[in-house]
Ligand code: MV4
């Protein structure tokens, strides 16, 4: 096992990896920017090293700074988390050069699967079904038109280096193609420094279903089944669940086998996710591979009882997978809500700021993967995800009921959160029936909201006050005082502020 692991990330995922390290008895080191001095991952780590200013371009994205810390701290392994440098082959290569084990796939496997067209060629060679379309980048718009005529409109233009919907354009008819091609290509050139494009047949309202895989260094690769991630807003996942409401044992086996086949063809090791689109006839099509641990990995952990982060670390250390595919089973249902500091009543605008008071859910079937604490200030410099609430139940209905109950126990004061969005989604009959697809949430948000009509008549201050009072009542006066006092570190600016906050909390009426 490793002597010491560097976690090259921040927020809830750094905390999640720290927890795995602690359970394994491996010391863990973190890095932090100037904006993250007081962050939870810094407080929880065994050692923490500064790596520069708040902008990630000058801190979390600088490979030399991160490897400098790894060397100085005596780390023999590095976990990249997700986002930042997680899918950058240059970090994997720099680690290899420095003699530090990268907890993830090799730089070469990342490259083979990171390019969309390269991944499509691998899928073709491995016999994995994918959406009809080009297998190579297309140079000229005339060739794009020719391919589009062959496969039939509508088509979707995609960036070879793309992801997350950037550089993507839906084209309904040939007359729109040339303009869309220029637009998408220049968007891709700006976003990825690579304007190369290809195209695919456009599937109408598919589901997004992804397969979690894990490979060791001895040629064994297993899959942990699927996650349903169709509830997305502007290509950002909002709710994920396992199993998918449309899953059958046969479909899971077929998709799992396809995923393992493709990963094997790419010489893939460690944790990875293969994204598929699934149409109304339960036909599945490979879309792309994510060569990292994903935000939504906990729902897979909850239904399979396996700790994916510990398995990643063991696989990177050269240990063989401790079980075979036949030993992986699924029990119950898990749902995850991504809690963001953003304002659902103002177009989901980020809402950074100080968390003045907080109450978090617990109890049967609830897991909270959190990266914040009361008294901490959410910085404006990064993705404003605060953490994730995960609910497990014996079946989907119980998981949903537990999630509704847990969201009622969630409160963060001083900032806006998207919790009300989840209450709305979890009460939609289409959602509870599992009738969701990749356009479902965008369409829902265009419909009027009965519970929260956009009218200015709505008294959001009164609602906030009521929620705060309820949260404090839940916590109890004593707990509230402790929470406020504990949240403020010994090096915090002034006693006055602590007393002020104590008073503020105590003055909220607690009678029901
Ligand atoms: C598609 C598609 C339909 N047909 N490709 C969006 C992000 C990018 N990673 C792939 N995306 C899509 N590709 C074909 N050929 C529909 C989407 C899509 C989508 C995919 C996954 C999750 C949410 C989505 C929302 C809108 C569109």
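What are the residues in the stretch 50-81 that are closer than 15 Å to residue 18 by Cα and touching a helix residue (DSSP H, G or I) at 6+ places or on another chain (Cβ under 6 Å), if any?
At the first step, the residues of the stretch 50-81 found to be closer than 15 Å to residue 18 by Cα are 75, 77-81.
78, 79, 81, listed by residue number.
Within the stretch 266-277, track down each residue that is surrounded by 19 or more Cβ atoms within 10 Å (Cβ to Cβ) and more than 14 Å from the ligand (Cβ to nearest atom).
Residues satisfying the conditions are 266, 268, 269, 270, 271, 272.
Just to be sure I understand the filter: pairs with C-beta atoms under 6 Å, separated by 6 or more residues or on different chains, first member in the stretch 417-438 and free of Cβ contacts under 8 Å to residues at least 60 places away in the same chain and under 18 Å from residue 227 (Cα atoms), second member in a helix (DSSP H, G or I) and more than 16 Å from the ligand (Cβ to nearest atom). Which pairs pass?
Qualifying pairs under 6 Å: 426/400; 426/404.
Conditions first: (1) closer than 26 Å to residue 368 by Cβ; (2) surrounded by fewer than 24 Cβ atoms within 10 Å (Cβ to Cβ); (3) away from the ligand (no atom under 14 Å from the Cβ). Residue 236 passes all but one, so which condition is the exception?
(3)
Using beta carbons and a limit of 7 Å, which pairs, at least six apart or on different chains, have the first residue in the stretch 127-140 and under 21 Å from residue 266 (Cα atoms) and away from the ligand (no atom under 14 Å from the Cβ) and the second one modelled with pLDDT under 95 and outside any strand (DSSP E or B)?
136/117; 137/117; 137/160; 137/196
Check the stretch 74-86 and report whether any residue there is part of a helix (DSSP H, G or I) and in contact (Cβ under 8 Å) with a residue 12 or more places away in the chain.
Looking for residues that are part of a helix (DSSP H, G or I) and in contact (Cβ under 8 Å) with a residue 12 or more places away in the chain, one finds none in the stretch 74-86, hence no.
Would you mind stating whether residue 124 is away from the ligand (no atom under 13 Å from the Cβ), farther than 30 Å from residue 30 by Cβ, loosely packed, with under 15 Cβ neighbours inside 10 Å and at pLDDT 95 or above?
Here the answer is yes, as residue 124 does meet what is asked.
Could you check, for the stretch 152-173, whether at least one of its residues is more than 15 Å from the ligand (Cβ to nearest atom) and either free of Cβ contacts under 8 Å to residues at least 24 places away in the same chain or over 22 Å from the mean Cα position of the chain (by Cα) (or both)?
The initial filter retains those residues of the stretch 152-173 that are more than 15 Å from the ligand (Cβ to nearest atom), namely 173.
After this cut, where a residue has to be either free of Cβ contacts under 8 Å to residues at least 24 places away in the same chain or over 22 Å from the mean Cα position of the chain (by Cα) (or both) as well, the list is 173.
Yes: one or more hits.
Would you say residue 273 is under 17 Å from the mean Cα position of the chain (by Cα) and assigned to a helix (DSSP H, G or I)?
No, not satisfied.
All but one of (1) under 30 Å from residue 365 (Cβ atoms); (2) more than 13 Å from the ligand (Cβ to nearest atom) hold for residue 291; state the number of the condition that does not hold.
Of (1) under 30 Å from residue 365 (Cβ atoms); (2) more than 13 Å from the ligand (Cβ to nearest atom), only one is false for residue 291: (1).
Exactly one condition in (1) away from the ligand (no atom under 13 Å from the Cβ); (2) within 25 Å of residue 249 (Cα to Cα) is false for residue 196; which is it?
With (1) away from the ligand (no atom under 13 Å from the Cβ); (2) within 25 Å of residue 249 (Cα to Cα) applied to residue 196, the lone miss is (2).
Would you confirm, using the coordinates I've provided, whether residue 378 is within 26 Å of residue 346 (Cβ to Cβ), modelled with pLDDT of 95 or more and out of contact with any helix residue (DSSP H, G or I) (no Cβ under 8 Å at 6 or more places or on another chain)? Full working, then the answer.
Details: within 26 Å of residue 346 (Cβ to Cβ): yes; modelled with pLDDT of 95 or more: yes; out of contact with any helix residue (DSSP H, G or I) (no Cβ under 8 Å at 6 or more places or on another chain): yes.
So residue 378 passes the test.
Among the listed residues 258, 254, 189, identify the single one that is more than 11 Å from the ligand (Cβ to nearest atom) and either modelled with pLDDT under 95 or part of a loop (DSSP other than H, G, I, E, B) (or both).
On the way: 258 fails: either modelled with pLDDT under 95 or part of a loop (DSSP other than H, G, I, E, B) (or both); 254 fails: either modelled with pLDDT under 95 or part of a loop (DSSP other than H, G, I, E, B) (or both).
189 is the lone residue from the list that is more than 11 Å from the ligand (Cβ to nearest atom) and either modelled with pLDDT under 95 or part of a loop (DSSP other than H, G, I, E, B) (or both).
Quick check on this structure: which one of 375, 371 is crowded, with 18+ Cβ neighbours inside 10 Å, over 18 Å from the mean Cα position of the chain (by Cα) and either without any contact (Cβ under 8 Å) to a residue 60 or more places away in the chain or more than 19 Å from residue 241 (Cα to Cα) (or both)?
375
Among the residues of the stretch 204-232 satisfying the criterion of being within 11 Å of the ligand (Cβ to nearest atom), over 17 Å from residue 293 (Cα atoms) and at pLDDT 95 or above, which is farthest from the chain's Cα centre (by Cα)?
Here is the first cut: in the stretch 204-232, the ones within 11 Å of the ligand (Cβ to nearest atom) are 204-210, 228-232.
Then keep just the ones that are over 17 Å from residue 293 (Cα atoms); that gives 204-208, 230-232.
If we keep only those that are at pLDDT 95 or above as well, we get 206-208, 230-232.
Values: 206: 20, 207: 17, 208: 14, 230: 13, 231: 13, 232: 12 Å.
Checked the stretch 204-232; the qualifying residue farthest from the chain's Cα centre (by Cα) is 206.
Among 329, 280, which is farther than 26 Å from residue 387 by Cβ and away from the ligand (no atom under 16 Å from the Cβ)?
On inspection, the qualifying residue turns out to be 329.
The values are calculated or read from the model by the stated rules, or taken from the named source; none is laboratory data. Computed from a predicted model, the values in this text were never measured in an experiment. Methodologically, a virtual Cβ is constructed for each residue, glycine included, from the backbone with ideal geometry; neighbour enumeration extends over all protein chains shown.
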